[in-house]
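Novice: Got a structure here, written out as structure tokens. Questions coming.
Here, each number is a calculation from the coordinates, and none is a lab measurement. This structure is a prediction, so every number in the text was calculated from the model and none was measured. Glycine gets a Cβ as well: all are built from the backbone with ideal geometry, and neighbour counts include every protein chain shown.
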Amino acid sequence: MKEIEIHAQPDLLHEGEIASDIRTEELLVNMGPQHPSTHGVLRVVLVTDGELILKATPHIGYLHRCAEKIAENVSYRQYTPYTDRMDYLAAMNNNLGFALAVEKMGGIEVPERAQYLRVIFAELNRIASHLVAVGSYGLDMGAFTPFLYCFREREWIVDLFESVCGARLTYSYITIGGVREDIPEGFVSQCKEFLDFFEPKIREYNDLLSYNHIFINRTGNVGVCPADMAIGYGLTGPCLRGSGVKWDLRKNTPYCKYDEFDFDVPVGDGRFGAVGDCWDRYFVRVMEMTQSVRIVRQALERLSDGPVSAKVPRMLKLPAGEIYFEVENPRGQLGFYIVSEGGNSPYRLKVRGPSFCNLSVLEGLAKNCLLADIAAMIGSLDVVMGEVDR
Amino acid sequence: MTVLEIVDILKHRFGADLVGSVVEGTHPHVVVRAEKLVSVCEFLRDDEKLRFDLLRCVSGVDWMGKNLIEVSYDLISIRFGHALAVKVILDRAKPQVETVSGIWQAANWHEREAFDLVGVQFVGHTDLVRILMPEDWVGHPLRKDYQDPVEYHGLKVKP
């Protein structure tokens with residue numbers, strides 16, 4: 001074996017000199033754009049001091065597809081498929097937001113059956129979207145099994161959607177004036193079967209993940225976002241409610257038929273740390289799934305016969321004017337600002353994506369936190385980059 | 001509180017600085033003089049009866065025919081549940097307005113987006129750089145007279 005030579009420098013051992021020789025340096029860590037825990041193409045530049053994050057700067061735009069520019073060149077009805085591709089995990093909700101904005105501006109009355117169908121599909125999609133959020137958050141934290149459980153249930157919802165509109169991700173099912181076509185025979189009973197299967201499963205997720213000690217240690221008291229910070233950064237949806245603010249557009253400014261349904265708005269309570277930590281944001285999503293099941297059950301009961309769409313001309317013209325309209329998406333408030341000059345297509349269409357605002361808080365959350373916690377924070381915000389970049 | 005009541009409070013407080021208001025329709029808003037935007041916004045956020053605490057959206061609209069650029073700030077009050085938009089109308093040749101990112105943190109990214117895509121200059125913004133487009137991109141894509149560059153770093157933009 002080769003002998004290792006040690007070149008000791010006795011004069012360096014002097015205490016003062018060692019102190020002047022060892023310096024701490026800020027280190028720039030680049031996270032993403034291809035990174036498993038950034039949920040898409042997000043790049044975060046981290047300035048670190050040892051294990052501490054001094055500054056986190058998100059860089060976005062990798063998925064920018066000029067959705068707002070495209071809107072100025074297509075007709076209103078042609079734009080629905082583009083809304084699918086913003087928040088691709090909640091395409092039904094995006095369709096709904098756009099359809100409601102256009103209908104409100106054009107004074108289009110939607111038949112009652114279509115309104116209930118819209119609620120059913122929006123809430124089913126909310127469950128599917130939260131399942132992805134919950135499952136992949138477990139994956140971020142090192143728990144692989146819950147992910148498979150969540151995707152098993154999501155598969156059933158996606159199958160239901162496929163039976164209705166043929167698509168499994170980008171549905172374009174909720175269109176201007178109503179929904180594209182009526183539900184197939186037997187859909188109501190299949191949907192009820194799914195709800196009966198799914199509701200007890202939520203307890204299973206809690207046993208597997210929510211109340212898991214390791215999971216709580218990694219998410220409780222991490223990335224705490226107090227209520228005033230959440231409001232200041234414009235957070236909405238589960239991220240805002242996780243901070244203990246009871247604000248849900250389905251309750252506060254009801255659209256469709258949401259005022260008829262009996263459901264609660266869950267908020268974070270700081271059970272395993274401070275109010276507004278990662279665990280609270282995560283658990284609001286779990287609780288919301290139960291509420292969505294309640295809404296779907298009520299909507300299925302009220303489903304009456306009738307037409308599923310109003311008569312809307314192929315080349316729809318909206319009167320000159322403007323509208324700003326928001327709906328409660330799984331990730332927060334999705335807003336459409338449409339300016340019309342009376343033509344076939346919008347003069348300007350601006351989309352307020354909830355993920356865009358929710359992501360902006362990362363800079364404030366990550367400051368002076370541990371490097372290992374950044375994945376917990378990004379996952380708890382549950383951003384979809386398609387919507388951030390549009 | 002209804003939009004009419006809110007506009008009355010603003011009229012009483014700001015008088016001639018309130019250039020116009022629309023209380024009916026699908027997008028109720030007030031138009032204020034660009035120099036007064038920050039003080040109006042501060043009042044909207046801090047007034048006991050108004051408390052517009054959440055900035056939902058900042059949207060720029062290019063009115064090329066009228067040679068104007070309009071910026072619309074959509075606000076909502078979580079405390080009271082009422083909503084209103086504030087608008088400023090800027091000269092298209094020199095679209096400058098003071099930033100409101102000191103009032104609502106949310107404005108930071110929204111204003112960067114309006115700068116990136118519509119070309120509005122927000123004076124006093126701490127980090128006014130492009131957010132969606134690449135940093136060295138030329139032009140503001142949502143301007144009505146925007147022309148695509150021929151190529152970008154050796155890649156043809158329109159093949």
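Novice: Neighbour counts of other C-beta atoms within 10 Å: give me A:277, B:46, A:87 arranged from fewest to most.
Specialist: Listing A:277, B:46, A:87 from fewest to most nearby Cβ atoms yields B:46, A:277, A:87.
Novice: Moving on to the next point. Which value, in Å to one decimal place, does the Kirkwood hydrodynamic radius take for the range A:52-186 when every pair of different Cα atoms is included?
Specialist: Result for the range A:52-186 stands at 16.6 Å.
Novice: Just want the answer: with Cβ charges of +1 for Lys and Arg and -1 for Asp and Glu, which residue in A:329, A:312, A:272 is farthest toward the dipole's positive end in the range A:239-390?
Specialist: Sorting the options by dipole projection puts first A:312.
Novice: Looking at the range A:121-185, which chymotrypsin sites (Phe, Trp or Tyr not before Pro) are DSSP coil and have at most 10 other C-beta atoms within 10 Å of their C-beta?
Specialist: Filter output for the range A:121-185: A:144.
Novice: How big is the equivalent ellipsoid of the protein assembly as shown along its three axes, where each semi-axis is √(5λ) from the Cα gyration tensor, reported in whole Å from largest to smallest? If you can, show how the numbers build up before the last one.
Specialist: On the way: eigenvalues 300, 216, 107 Å².
Listed largest to smallest, the semi-axes of the protein assembly as shown are 39, 33, 23 Å.
Novice: Please give the Cα centre distance for the range A:338-384 versus the range B:22-73, rounded to the nearest Å.
Specialist: Cα centroid of the range A:338-384 versus Cα centroid of the range B:22-73: 21 Å apart.
Novice: With runs of 4+ DSSP H residues as the only contributors, calculate the mean residue ellipticity of the protein assembly as shown at 222 nm using -39,500 (n - 2.57) per run, divided by the residue total and rounded to the nearest 500.
Specialist: That calculation yields -11500 deg cm²/dmol at 222 nm.
Novice: At R0 = 25 Å, how high is the FRET efficiency between residue A:302 and residue A:246 if r is their beta carbon distance? Nearest 0.05 is fine. Don't skip to the end; give the middle numbers.
Specialist: Working: r = 26 Å, r/R0 = 1.02.
Between residue A:302 and residue A:246 the formula returns 0.45.
Novice: Here's a follow-up. Let me make sure I get this right: for the range A:223-329, a, b and c are the square roots of the gyration tensor eigenvalues over alpha carbons, sorted descending. Under 1.5 in a/c it's rounded, otherwise prolate if a/b > b/c, else oblate. Which is it? Before the final figure, lay out the partial values.
Specialist: Values: a/c = 3.46, a/b = 1.61, b/c = 2.15.
Judged from the Cα gyration tensor, the range A:223-329 comes out oblate (a/c at least 1.5, b/c at or above a/b).
Novice: Another one. Can you pull a Stokes-Einstein diffusion coefficient for the range A:151-235 at 10 °C (1.306 mPa s), Rh from Kirkwood over Cα pairs, as a whole number of µm²/s?
Specialist: Once the numbers are plugged in, D ends up at 96 µm²/s.
Novice: Of the DSSP beta bridges with both residues in the protein assembly as shown, give the percent that are antiparallel, rounding to the nearest 5.
Specialist: So the antiparallel bridges in the protein assembly as shown amount to around 90 percent.
Novice: How large is the translational diffusion coefficient of chain B in µm² per second when you combine the Kirkwood radius over alpha carbon pairs with Stokes-Einstein at 25 °C and 0.890 mPa s?
Specialist: It comes out at roughly 147 µm²/s.
Novice: Work out from phi, with θ = phi - 60° and the Karplus expression 6.51 cos²θ - 1.76 cosθ + 1.60, the ³J(HN,Hα) of each residue of the range A:372-377, listed in order in whole Hz, and give x for Gly and Pro.
Specialist: 5, 8, 5, 5, 5, 6
Novice: So for the pair residue B:8, residue B:33, with labels modelled 7 Å out along Cα→Cβ, what separation do we get in nm?
Specialist: 2.5
Novice: Once the principal axes of the Cα atoms of the range A:65-389 are found, what is the range along each, listed largest first in whole angstroms?
Specialist: 56, 42, 31
Novice: Let me ask you something else. So, in Å, what gap is there between the alpha-carbon centers of the range A:137-197 and the range B:96-143?
Specialist: Centre-to-centre distance over Cα atoms comes out at 38 Å.
Novice: When chain A is modelled as a GNM with alpha-carbon springs shorter than 10 Å, which of A:25, A:260, A:112 fluctuates the most?
Specialist: In the Gaussian network model the winner is A:25.
Novice: Longer than 20 Å from Cα to Cα, which of A:201/A:246; A:69/B:36; A:350/B:87; B:94/B:144; B:11/B:87 are they? Say none if no pair is. Intermediate results must be reported in sequence, preceding the final value.
Specialist: Values: A:201/A:246 26 Å; A:69/B:36 31 Å; A:350/B:87 15 Å; B:94/B:144 16 Å; B:11/B:87 15 Å.
Among A:201/A:246; A:69/B:36; A:350/B:87; B:94/B:144; B:11/B:87, the Cα-Cα distance tops 20 Å for A:201/A:246; A:69/B:36.
Novice: With the cut-off at 1.5 for a/c, could you classify the range A:236-292 from its C-alpha gyration tensor as rounded, prolate or oblate?
Specialist: Prolate shape, in that a/c is at least 1.5 and a/b is the bigger ratio.
Novice: Treating the angle as unsigned and between 0 and 90°, give the value, to the nearest 10°, between the Cα long axis of helix A:187-205 and the longest Cα principal axis of chain A.
Specialist: 20
Novice: Read phi for every residue in the range A:238-247 and hand back ³J(HN,Hα) as whole Hz from Karplus 6.51 cos²θ - 1.76 cosθ + 1.60, θ = phi - 60°, with x for Gly and Pro.
Specialist: Per residue, the Karplus-derived 3J(HN,Hα) values read x, 5, 6, 5, x, 7, x, 9, 8, 9 Hz.
Novice: Return A:49, B:74, B:148 ranked ascending by Cβ neighbour count within 10 Å, so the fewest neighbours appear first.
Specialist: By the 10 Å Cβ count, ascending, the order reads B:148, A:49, B:74.
Novice: Now for a separate question. Rounded, prolate or oblate: which fits the range A:295-347, taking a ≥ b ≥ c as square roots of the Cα gyration tensor eigenvalues, rounded meaning a/c under 1.5, else prolate when a/b beats b/c?
Specialist: Oblate shape, in that a/c is at least 1.5 and b/c is the bigger or equal ratio.
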